[in-house]
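One structure is given here, and the rest of the page talks about it.
The values are calculated or read from the model by the stated rules, or taken from the named source; none is laboratory data. Keep in mind it's a predicted model, so treat the numbers as computed, not measured. Using ideal geometry, Cβ is built from the backbone for each residue, glycine included, and neighbour counts are taken over all protein chains shown. Ligands, DNA and RNA are excluded from the accessible area calculation, which covers all protein heavy atoms including side chains. Shrake-Rupley method; radii C 1.70, N 1.55, O 1.52, S 1.80 Å.
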Amino acid sequence: MQDQVEMLGRHIDFLRSLDTEEFYNKEEDEVRRYAHDVFQECIQLGCHATHELIGLLQTEFTWSCFFALAILRETKDPQAVPAIIAFLKRETDDSMANEEAMFALQDIGDPSVTLLIDELEEAFDNKKYNSYLVGALTGIIGPVPYDFMIKITKDFIGKPWRYKGWFHIEDFTYNFVKQERPDAIPLLKNILDMKN
């Protein structure tokens with residue numbers, strides 16, 4: 001156990017060492033190759049690494065943050081969900097890290113759903129739209145995300161004025177294809193008719 005803690009400490013230090021000008025001038029593939037062994041060993045540590053990795057999410061536009069999200073995406077530890085959501089709620093311009101966070105929540109899957117719905121309902125009540133949080137939820141295949149998508153889409157069709165100026169219906173309905181539920185087709189046709 002002590003060996004594991006020491007190894008994790010060294011790995012976190014290594015990830016932080018990537019946050020220098022030298023590495024910021026390199027492409028993702030090149031940095032990935034350089035960090036490959038540490039990346040794989042952090043994945044092997046699984047949920048034992050989660051707490052330390054979450055600590056790296058405090059600073060966007062860093063390789064350590066990006067790789068922490070990439071590792072959490074692989075380990076799929078549900079304990080990371082609140083921290084990943086908090087990262088996305090900061091609405092940083094770091095699109096690479098935002099996408100990785102979105103995919104991490106999708107890959108964690110069902111344990112992400114309830115917290116994502118709570119966040120989206122609160123955001124929508126405040127007329128705020130976070131496309132990465134939307135993508136995280138709507139990219140999880142299952143009845144609960146699907147039902148939420150149907151509910152919001154029907155509300156959009158019935159009360160379009162409520163969503164005017166801040167809601168992105170095309171983005172919100174994008175993952176209906178991924179859900180593979182043909183019963184959504186009439187709703188999507190309604191939206192097309194509204195657009196016309």
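Within the same chain, aspartates and glutamates fewer than 8 places from K89 are excluded, and of the rest, those with a Cα less than 16 Å from its Cα are E60, E99, E100, D118, E119, E121, E122, D125.
Overall shape of the chain was characterised from the C-alpha gyration tensor. The equivalent ellipsoid obtained from it has semi-axes of 36, 17, 14 Å, in decreasing order. With the simple spin-label model, which puts each label point 7 Å out from Cα in the Cβ direction, the K151 to D110 separation comes to 1.9 nm.
Peptide packing: for 119-126, 139-146, the average count of neighbouring Cβ atoms within 10 Å per residue gives the ranking 139-146, 119-126, highest mean first. Mark the label point 7 Å from the Cα of K89 along Cα→Cβ and return the residues of region 119-163 whose backbone N is within less than 18 Å of it. From region 119-163, the list is 119-138.
Think of the chain as having a plus end and a minus end, set by charges on the Cβ of Lys, Arg, Asp and Glu; of W166, I185, I12, I185 sits farthest toward the positive end of this dipole.
One chain, two ends: S131 and D13. Fully extended at 0.36 nm per residue, the span grows by 39.3 nm beyond their Cα-Cα distance. Note on H48 and E22: the model spin-label points, each 7 Å out from Cα along the C-beta direction, lie 2.9 nm apart. Only protein heavy atoms count here; on that basis, with a 1.4 Å probe, H36 has an accessible area of about 90 Å². For region 98-192, a/c is not less than 1.5, where a ≥ b ≥ c are the root eigenvalues of the C-alpha gyration tensor, and a/b does not top b/c. That puts it in the oblate class.
Which whole-number percent is the relative contact order of region 42-196 (Cα, under 8 Å, 6+ apart)?
Details: 167 pairs, mean separation 26.9, N = 155.
Relative contact order, region 42-196: 17 percent.
Remark: for residue pairs K26/K195; K128/K189; K127/K178, the C-alpha separation exceeds 32 Å in K26/K195. How big is the gap, in Å, between the Cα center of region 140-156 and the Cα center of region 107-123? Between the Cα centres of region 140-156 and region 107-123 lies a distance of 12 Å.
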